[in-house]
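The values are calculated or read from the model by the stated rules, or taken from the named source; none is laboratory data. A quick note: this is a predicted structure, and the numbers were derived from the prediction, not measured. Note: ideal-geometry Cβ built from the backbone for every residue, glycine included; neighbour counts use all protein chains shown. Keep in mind that these areas ignore ligands, DNA and RNA; they rest on the heavy atoms of the full protein, side chains included. Shrake-Rupley method; radii C 1.70, N 1.55, O 1.52, S 1.80 Å.
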Number of protein chains: 2
Amino acid sequence: MATSRPTVKNDRSLYYDGVPRVPESHLAARRDQIIDAATARFAANGFQATGMADVIAASGLSAGAVYRYFRSKDELIAAIVERVVGEAAARFEVLLQQDPVPDPAGAVATAVGMVADVAGRGPVDLTRVAVQAWGEALRNPEVHTVVDRTYRAIRGFFVEVVRRGQEAGTIPADADPQHLAATMLSAVLGFLLQRLLLGDLDPAAYTAALRVPWVAPSSAATPGSAG
Amino acid sequence: MATSRPTVKNDRSLYYDGVPRVPESHLAARRDQIIDAATARFAANGFQATGMADVIAASGLSAGAVYRYFRSKDELIAAIVERVVGEAAARFEVLLQQDPVPDPAGAVATAVGMVADVAGRGPVDLTRVAVQAWGEALRNPEVHTVVDRTYRAIRGFFVEVVRRGQEAGTIPADADPQHLAATMLSAVLGFLLQRLLLGDLDPAAYTAALRVPWVAPSSAATPGSAG
DNA sequence: ACCGGGTAAGCGAACGGTCCTTCGTTTTGG
DNA sequence: CCAAAACGAAGGACCGTTCGCTTACCCGGT
């Protein structure tokens with residue numbers, strides 16, 4: 001019982017210390033092939049309502065091949081969620097690399113433009129996957145961890161935009177950056193969701209509406225002066 | 001072949017025109033009992049990942065009893081989505097019945113308060129069901145119809161708030177009510193989503209942030225005067 | 001330049017389990 | 001007494017996953 005026989009199933013080097021049989025790029029390409037096909041099916045039908053048979057058929061591979069690259073359906077789902085929300089975060093990060101960093105309304109406008117762009121590009125609308133990921137995050141702890149970490153990072157970008165604005169004096173210094181960033185993120189997520197559920201929202205008109213002063217101008221919030 | 005024999009399965013009056021065997025209120029109560037139990041399970045685990053066996057056990061009834069009240073799982077899902085988003089719409093409608101109708105930031109603040117309230121009240125967080133309903137709407141046409149109609153109505157309430165503000169002169173007359181209402185709805189939906197995914201957001205601080213002027217005060221949008 | 005050895009990549013039928021739903025039966029209550 | 005209400009075992013389809021097998025490829029030796 002339980003000798004020191006190594007469990008070699010995953011560790012190729014214990015078996016054979018030569019170079020891989022096929023180039024690493026080929027393996028990555030196959031993995032992407034599976035992820036792309038699965039993303040399309042999950043975008044159309046949701047994670048749980050889509051069967052692996054559907055994913056496998058769409059990938060053009062066999063069940064055995066798919067399960068060589070992903071140990072389970074849950075692992076595949078986690079990989080897809082990580083890719084989709086991770087790419088979103090990467091796109092939003094460029095907001096901070098602009099010089100000068102835009103003001104909050106400008107940052108949201110740029111982010112909304114990115115959402116509209118990614119929704120229309122390619123055969124699969126990744127914003128649909130994002131909505132499915134929200135639902136999945138509420139029931140799958142691993143997915144929730146990924147979504148929590150990534151969306152918190154995105155909100156952190158907006159916090160930084162607010163801080164820069166406060167340094168520049170265009171935003172009241174006593175405003176709460178964390179919650180102001182939350183309202184900015186809401187504007188982006190709300191655009192994404194309304195576009196999917198209620199039909200096309202015009203990004204230009206939507207972002208223009210963000211700049212409309214909607215508090216009564218008489219009483220509240222003297223912005224720059226009168227600190 | 002196809003005689004005129006009536007298909008009596010659902011029409012009780014063709015069978016028996018007397019009084020019902022049990023009071024109508026009892027039937028409605030049983031229906032609610034099923035919906036309540038199913039709502040709890042769907043809130044915890046999503047629509048598609050939750051089995052009918054789970055719903056049936058939670059309801060305290062048998063499979064046959066549940067299927068007497070709902071023809072299928074999809075019909076049960078549709079009934080739950082209709083109830084949850086319908087109740088949300090009913091709550092938001094009172095915004096218009098206040099006198100005077102609040103300004104946009106005030107309307108959003110009230111709506112956010114309602115979301116936070118309904119999320120904390122009762123054993124089931126209905127905002128979780130709302131997120132699941134968004135995902136379901138993307139794959140189930142009947143659910144999509146319900147969600148589209150109801151959320152469009154909610155947005156219509158915000159449009160009305162904007163119109164009243166424009167009449168009162170507190171909102172620029174050339175602002176687009178439709179898209180301004182969309183940003184208001186985004187603020188509410190974004191609060192709901194961030195509260196669930198990223199942890200507790202403080203409703204008071206969030207709504208306070210909504211009133212922070214976030215456009216550069218120097219160049220853009222001279223609000224009331226000097227139009 | 002060619003070839004055979006051996007391993008990883010890929011295949012797909014089959015498996016146990018779970019799914020939604022049905023229906024013959026039992027219980028209930030007016 | 002009898003129809004409606006409720007029951008719950010069973011049906012048949014489909015689920016995610018496995019595993020014995022075939023195919024294809026790289027490598028070392030000739």
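Specify which of the listed residues (B:Ile154, B:Ile171) is within 21 Å of B:Ala107 (Cβ to Cβ) and out of contact with any Pro (no Cβ under 9 Å at 6 or more places or on another chain).
One residue alone meets the criteria, B:Ile154.
Evaluate the range B:164-173: report whether one residue or more is buried (at least 20 other Cβ atoms within 10 Å of the Cβ), within 14 Å of A:Trp214 (Cα to Cα) and within 8 Å of chain A (Cβ to nearest Cβ).
Yes; the residues of the range B:164-173 include at least one that is buried (at least 20 other Cβ atoms within 10 Å of the Cβ), within 14 Å of A:Trp214 (Cα to Cα) and within 8 Å of chain A (Cβ to nearest Cβ).
Looking only at the range B:102-115, count how many residues are open to solvent by 30 Å² or more (accessible area, probe 1.4 Å) and of a type in the set (A, V, I, L, M).
2
B:Trp134 - would you say it is under 21 Å from A:Leu189 (Cβ atoms), modelled with pLDDT under 95 and at the interface with chain A (Cβ under 7 Å from one of its Cβ atoms)?
no
Only residues that are closer than 21 Å to B:Ala153 by Cβ and open to solvent by 40 Å² or more (accessible area, probe 1.4 Å): list them for the range A:193-212, please.
Answer for the range A:193-212, where residues must be closer than 21 Å to B:Ala153 by Cβ and open to solvent by 40 Å² or more (accessible area, probe 1.4 Å): A:Arg195, A:Asp200, A:Asp202.
Say we look at the range A:49-62 and pick out the residues that are near DNA strand D (Cβ under 10 Å from one of its atoms) and open to solvent by 50 Å² or more (accessible area, probe 1.4 Å); which of these is farthest from B:Ala133 (Cα to Cα)?
Only one residue tops the list, namely A:Ser62.
I need the helices (runs of 4 or more DSSP H) fully contained in the range A:21-100, keeping only those with at least 1 residues that are more than 14 Å from every other protein chain (Cβ to nearest Cβ), modelled with pLDDT of 95 or more and within 9 Å of DNA strand C (Cβ to nearest atom). Spell out how you get there, then give the answer.
Working: elements: A:24-45, A:52-59, A:63-69, A:73-97.
Answer list for the range A:21-100: A:24-45, A:52-59, A:63-69.
Kindly check whether there is at least one residue in the range B:106-113 that is at pLDDT 95 or above and under 26 Å from A:Phe47 (Cβ atoms).
no
Inside the range A:80-113, can you point out the residues that are of a type in the set (A, V, I, L, M, F, W, C) and closer than 23 Å to A:Leu201 by Cα?
A:Val84, A:Val85, A:Ala88, A:Ala89, A:Phe92, A:Leu95, A:Ala105, A:Ala107, A:Val108, A:Ala109, A:Ala111, A:Val112
Step by step: first the residues of the range A:123-155, then only those that are surrounded by fewer than 17 Cβ atoms within 10 Å (Cβ to Cβ) and in a helix (DSSP H, G or I), then the one that is farthest from the chain's Cα centre (by Cα). Which residue is that?
A:Pro141
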